[in-house]
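Heads up, the thing below is written out as structure tokens.
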Amino acid sequence: MDEDMMREAADEKLINDAFQQLLDSYLQSRHRKKVDIITKAFNFAKQAHKGVRRLSGEPYIMHPIAVAQIACQEVGLGSTSISAALLHDVVEDTDYTTEDIENMFGPKIAQIVDGLTKISGGIFGEQASAQAENFKKLLLTMSDDIRVILIKICDRLHNMRTLESQPANKQYKIAGETLYIYAPLAHRLGLYKVKSELENLSFQYDHPDEYASIKSKLASTEASRHELFDQFIIPIEAELKKMGLQYQIKERVKTPYSIWTKMQNKHVTFDEIYDILAVRIIFTPNKREEEINECFNIYVAISKIYKSHPDRLRDWLSHPKANGYQALHVTLMSKQGRWIEVQIRSDRMDEVAEQGFAAHWKYKDGVEEEYTEDETELNDWLRTIKEILDDPQPDAMDFLDAIKLNLFASEIFVFTPKGEIKTMPTGCTALDFAFSIHTFLGSHCIGAKVNHKLVPLSHKLQSGDQVEILTSNSQHVQPSWINFVSTAKAKGKIQAILRRSQREQQKLGEERIAEFLKKNNIENTPGVIDQLADYHESRSRDEFIQSVGKQTILLGEKDVDELLGRNSTGKKGWRKLVPFLGRGKQQPKKGGEEQQELFVVPENFNRKKPIYINEDNINQFKFKRCCHPIPGDDAMGFIDGKHQIEIHKRDCPVAAKLKASFGNRILDAKWDMHKQMFFDATIRIQGIDRVGMLVDLSRVISTQMNVNIHRLTIDSEDGVFDGTIELRVYDRQNVKEIMSQLKSIDGLQDITQVL
């Protein structure tokens, strides 16, 4: 047998074994056993993708099988979804059409495949926000059938699991949009396990060293965690047995991504995170209608064994989260002096927590996968999406932000004056509430009464507040309002009203400028308007025109002098209209060195290869202030609109948006520095003040570490100090070493790195 035939036989076995595993998983599920349609879809997809391979080298059909396996086993979907998952790339990658799929598999499977085809791939040109546009399509198709988005999440999970075969710049793009779009979407749909894995995989590719470090520390502390868990649950198990409950107790360990996020947000080390371990009690209630009471009974019983933390009781039983999540969370003090969170939930609640909305779906009259219309949370969610789509933002990036603001925030419950409950995102203000009721109410809002007390528009609402909106016809939308609303609806409405107002001011400004120039016999050209804008220190031509429209800028004799360039003798002479200089130029190097032209990316530039930043070319790149990257940071490049390269940290918030929306412009960036150049870094210090503290600080930094202190600022009050040290360092490792040495100083309590 020759080599090709052997390879073909090996592929055939690989494919058939994977499909058999899918069928076995399906037959173990509670769905009706429609094996025929799944087998038909598999055979059709296998034939359609015949001969095609993925970057990893395996046959392409292995990807649709893997997506179908995730849909079946991890999300709990049935034959319609499994078949659609097997067929999801057929229309996009082969000559078959949606009509062909409909003729062979019926309208429902065809509709889902069509939805998946619409939201996949697609290049909208260099300047377009391709992924943001995809996301719009994703949400539009979602409103037809929620299974489209569920299968798309399964598709993304398999792509993340096989990301190793992709080049680094593609890895950052896919990991970035996964964190920005798909993980929050999975969370909102209640797919907790899928969301956690998506986050961890993204983290692994964006920050491989930090990921490996946390995994290693989790492994080294595993034995002590098991011991703590075993001792902690002994009296709890005895109590549950006494109550006559069927139960299981699980040990839940925080994921590397959530540990790292907490380390970044709280500025703590791994050893300072105390909630790595949580305990989950899952029970089967004796009567289904009694499950909420049983949760509270368990809480009462275990809080007699261990002291509970009064501020850390989380009740999602009476008011489930929008993704259907129900549980009671309580934090207890163990005998070892450690706070441990205990999550109490019934088996049904656990299924919903793991599988999200898929677990809600019921089967009526033997019709498979027909989810009920009274899924209020799901319908509310889709209605919110449609509200945003009805008034889309002009920029796709704004749209993404609006979706994230609205859909991925946690909720509070607010009451109207008549006692009706409205669900709002955490952090929303009285003005958000006004716009959520009606645009007119929001536009003319002058304040609110919260729990019968007068509050301003910017007042943040708390769960349980009763809110009455106060209006006045003389009130109009102000630009500053955009700064203290958080919901997509309020932001969208305010922006739409301001845009309408700006258009009116723009038109009026154009008319006034034209009249002024005509009166003074000056030609009306863009260059003339730019010179006037520059003279009045406006940031842009449009801002200048609007200011003239609003009459915050009044044109007069000085403007004529500026344009005609009159000298002291009063003679007229045209001043040359100089275009703005310095655009696209890098700031001069330190020490007055000659400034270097920025590198411009050529047409044939290989984007798959990393760019190396060294002492010779560092001034050819743009270093953005949003994240202040220095050597040693996990970095990436971004090709901007002028074909120049910006350098960002990979975990910078701006970079997160860029990865999600301009993935084809992302580059892998590596440092090739040799400790010849200095960079700014700031460390924040807090602690107990004492005589000699400053001496010790400077001794460690200047003498011991031989590092130059650029600026030192310290405030001391009531024996406690808070300060910042600005240093000139070679790289991030330099900063870590300094922080490590500073920890040895007596009285220094907290040392954190500032961007």
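Solvent-accessible surface (1.4 Å probe) assigned to His329 amounts to roughly 20 Å².
Compute the semi-axes of the equivalent ellipsoid of the stretch 1-95, taking the square root of 5 times each eigenvalue of the Cα gyration tensor, and list them largest first in whole Å.
Working: eigenvalues 115, 43, 24 Å².
Taking √(5λ) for each eigenvalue gives 24, 15, 11 Å, largest first.
Summing charges over neighbours of His710, with a neighbour being any other residue whose Cβ is under 10 Å away from its Cβ, gives 0 when K and R count +1 and D and E count -1. When the solvent-accessible area of the stretch 497-548 is split by element, carbon and sulfur atoms take up 43 percent of it, the probe being 1.4 Å. Take the stretch 616-741 with all the other protein chains still there, run a 1.4 Å probe, and you get 47 Å² of accessible area per residue.
The residues packed around Pro526, meaning those with a beta-carbon under 13 Å from its beta-carbon, carry a net charge of -4 if Lys and Arg are +1 and Asp and Glu are -1.
For the stretch 597-677, what does the alpha-carbon gyration tensor say about shape, rounded, prolate or oblate, given a ≥ b ≥ c as the root eigenvalues, a/c under 1.5 as rounded, and a/b over b/c as prolate? In terms of gyration-tensor shape, oblate. Between amide H atoms placed 1.01 Å from N, distances below 5 Å from Val342 occur with Val279, Val330, Thr331, Leu332, all of them 5 or more places distant or on a separate chain.
Pulled fully out, how much extra length does the chain show between Lys736 and His710, if you take 0.36 nm times their separation in residues and subtract their Cα-Cα distance?
Details: separation 26, 0.36 × 26 = 9.36 nm, distance 1.74 nm.
Full-extension gain reported as 7.6 nm.
How many angstrom lie between the Cα centre of the stretch 602-656 and the Cα centre of the stretch 474-531? Centre-to-centre (Cα) distance: 35 Å.
For the stretch 177-284, the alpha carbon positions stretch 49, 32, 21 Å along the principal axes, listed from largest to smallest. If you plug the beta carbon distance of Glu272 and Glu239 into 1/(1 + (r/R0)^6) with R0 = 30 Å, you get a FRET efficiency near 0.40.
Loop-only check: which chymotrypsin sites (Phe, Trp or Tyr not before Pro) in the stretch 201-285 are DSSP coil with at most 16 other Cβ within 10 angstrom? Kindly include the intermediate steps, with their values, before the conclusion.
Values: sites: Phe203, Tyr205, Tyr211, Phe229, Phe232, Tyr247, Tyr257, Trp260, Phe270, Tyr274, Phe283; in loops: Tyr274.
The qualifying sites are Tyr274.
Extension gain, Lys33-Ile305: 0.36 nm per intervening residue step, less the Cα-Cα distance, totals 93.2 nm.
Centre-to-centre separation between the Cα atoms of the stretch 232-286 and those of the stretch 704-720: 40 Å. Ranked by the mean number of other Cβ atoms within 10 Å of their residues, highest first, the peptides 508-518, 650-660, 533-543, 39-49 come out as 650-660, 39-49, 508-518, 533-543. 3J(HN,Hα) along the stretch 169-182, derived from phi through the Karplus expression 6.51 cos²θ - 1.76 cosθ + 1.60 where θ = phi - 60°, amounts to 5, 6, 4, 5, 4, 5, 5, x, 6, 5, 5, 7, 10, 6 Hz, with x in place of Gly and Pro.
The values are calculated or read from the model by the stated rules, or taken from the named source; none is laboratory data. Source: prediction; values computed, not measured. Virtual Cβ from ideal backbone geometry, glycine too; neighbours counted across all protein chains shown. Just the protein is used for accessible areas: all its heavy atoms, side chains included, with ligands, DNA and RNA removed. Shrake-Rupley method; radii C 1.70, N 1.55, O 1.52, S 1.80 Å.
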